[in-house]
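Step one of this worksheet: look at the structure below.
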């Protein structure tokens, strides 16, 4: 009898401690499938960032994180980043570095070679083109807006060709235009590249309408995981966020959550 | 994809060429400044005599050859090497600590070195067969290195961020300055004279031996710095971002600290406290070539070398017949240079 490992990213019995304080204990999450955007939701301090950082290998954690059946925990950081790449909440710093150089630096960050070939430049340009900022390639990061820098950061990540992408509040510093742009980009690239995409969100309506899956985190454990419509019910929102909320359906089939008060 | 973006790739490549030209320009300026440094002094030489003295020492009279080879050359080259070492160390320091105020001077390395030297001078340490000068330098080196490691351990124990490093560094500066003041207070007249050399910074005691050691160290360390250029560039975009791209940040930071402590400790050991260069050279380099560390690191090293070389020149011509301690002149020469570059660049934060 053959056993096929579950496809996608699976978190098994994950635990994280900061000193003596246990932040996450015995978390089981997933499987997060390829080609789907999954929102991780929860109030401030519920452990969303910690979960993502532990999955990305930036925090020491107990338990297992497997991608397509391969345990990522024993892999050294450079190798792990090739499978599963975490993108921090902070935008790329506004330094005097042009976007193309930033792409090349991300590409060579773990390698030994120092010179970049024409293929490297072509690959970087192709990636910038996918993200829609090829025209900014020779502009310096310190001249770009927050939204443009976020796109540059995404291009850096996509340029590393990971199979799973973990994004920590990628929309929180952006205006509505760039929120929609980044979200649309993530949906398109996730489908095209077959990525496992997990994003931390605060915008419930964005999760409801633009994500394929939603995962609600409450006090360090997963309260609900499934399609956004099933997970984001008024009862769950009441438990997790301590808010009174209503889910309505608009004329165009879009759903929206309106908050009517606190519990 | 080149065919889709030919102009952008061309713009990029011409920007790369521009940066290479800036580096070449800095090398040229440095060479010129070293030559002028060799030519100017109480005994003035014509450029022709100078070139002959350098290329074929036997073709000029013994006195000229002696002045050029034994006095002025070591002095001029030492200025360039110390400036280069401080410039490179400052550049790496500002990157790994993500703070534009970081420099060997502001984090207490120089003060620790001065304290080490003052210990050897004031307590009158002697070891047979070892010249006093090397003993003083050795003591300064040990203290400067220890201070970096102390800083590193302190920060690692507290798991602090870069802000903690800077604050601990400032605490070190004040502690060591107080200790040096204490040593000065108990020092004898003679020892005090000697000690002033360290606290003001001076190039006049350079020998080919110390020069060779520092130049050798710089030559050995620089390739390692360049090899870390890509990860250091990634680190500039944020520590988490670098880590998420697979850079082992603690390891990168530790390797960088080893290089910084070697460079600074050697520089301090041989010429005493020279502030300002390590702080300013990185800013100048950033303005000139940006923060791609493949260019930024060499540019910072060359700018540091160039400024200290100019300062060394000014130190000798400022008061006729006297060599003013270089540490005094660096700020006087460097600040106008610094202001021009910072203010011309639009005045935004680095």
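Here A:204, A:237 are screened, and the one residue that is crowded, with 20+ Cβ neighbours inside 10 Å and within 16 Å of the chain's Cα centre (by Cα) is A:204.
Inclusion of residue B:155 among residues that are at pLDDT 80 or above, out of contact with any strand residue (DSSP E or B) (no Cβ under 8 Å at 6 or more places or on another chain) and part of a helix (DSSP H, G or I) is not warranted. Scanning the range B:243-294 for residues that are without any contact (Cβ under 8 Å) to a residue 40 or more places away in the chain and within 11 Å of chain A (Cβ to nearest Cβ) gives B:243, B:244, B:245, B:246, B:247, B:248, B:249, B:250, B:251.
The range A:61-177 holds helices (runs of 4 or more DSSP H) entirely within its bounds, and those carrying 1 or more residues that are away from chain B (no Cβ under 12 Å) map to A:118-131, A:146-159.
Between B:255, B:269, B:265, B:305, the distinction of being in contact with a helix residue (DSSP H, G or I) (Cβ under 7 Å, 6 or more places away or on another chain), at pLDDT 85 or above and in a helix (DSSP H, G or I) belongs to B:305 only.
Among the residues of the range B:214-232, is there at least one that is without any contact (Cβ under 8 Å) to a residue 24 or more places away in the chain and within 20 Å of residue A:101 (Cβ to Cβ)? For the range B:214-232, residues without any contact (Cβ under 8 Å) to a residue 24 or more places away in the chain and within 20 Å of residue A:101 (Cβ to Cβ): present. Being surrounded by 17 or more Cβ atoms within 10 Å (Cβ to Cβ) and facing another protein chain (nearest Cβ under 7 Å), is that true of even one residue in the range A:37-45? Within the range A:37-45 (the criterion being surrounded by 17 or more Cβ atoms within 10 Å (Cβ to Cβ) and facing another protein chain (nearest Cβ under 7 Å)), the answer is no, since none of the residues qualifies. Counting only residues that are within 14 Å of chain A (Cβ to nearest Cβ) and either touching a helix residue (DSSP H, G or I) at 6+ places or on another chain (Cβ under 8 Å) or farther than 14 Å from residue A:110 by Cα (or both), how many does the range B:209-242 have? Within the range B:209-242, residues that are within 14 Å of chain A (Cβ to nearest Cβ) and either touching a helix residue (DSSP H, G or I) at 6+ places or on another chain (Cβ under 8 Å) or farther than 14 Å from residue A:110 by Cα (or both) number 20. Would you mind stating whether residue B:206 is closer than 20 Å to residue B:312 by Cα, assigned to a loop (DSSP other than H, G, I, E, B) and touching a helix residue (DSSP H, G or I) at 6+ places or on another chain (Cβ under 8 Å)? It is true that residue B:206 is closer than 20 Å to residue B:312 by Cα, assigned to a loop (DSSP other than H, G, I, E, B) and touching a helix residue (DSSP H, G or I) at 6+ places or on another chain (Cβ under 8 Å).
Is it true that some residue in the range A:232-243 is on the phi > 0 side of the Ramachandran plot and part of a strand (DSSP E or B)? So far as the range A:232-243 goes, no, none of its residues is on the phi > 0 side of the Ramachandran plot and part of a strand (DSSP E or B).
The values are calculated or read from the model by the stated rules, or taken from the named source; none is laboratory data. In this text, all values refer to a predicted model and were calculated from it rather than measured experimentally. Every residue, glycine among them, receives a Cβ derived from its backbone with ideal geometry; neighbour counts consider all protein chains shown.
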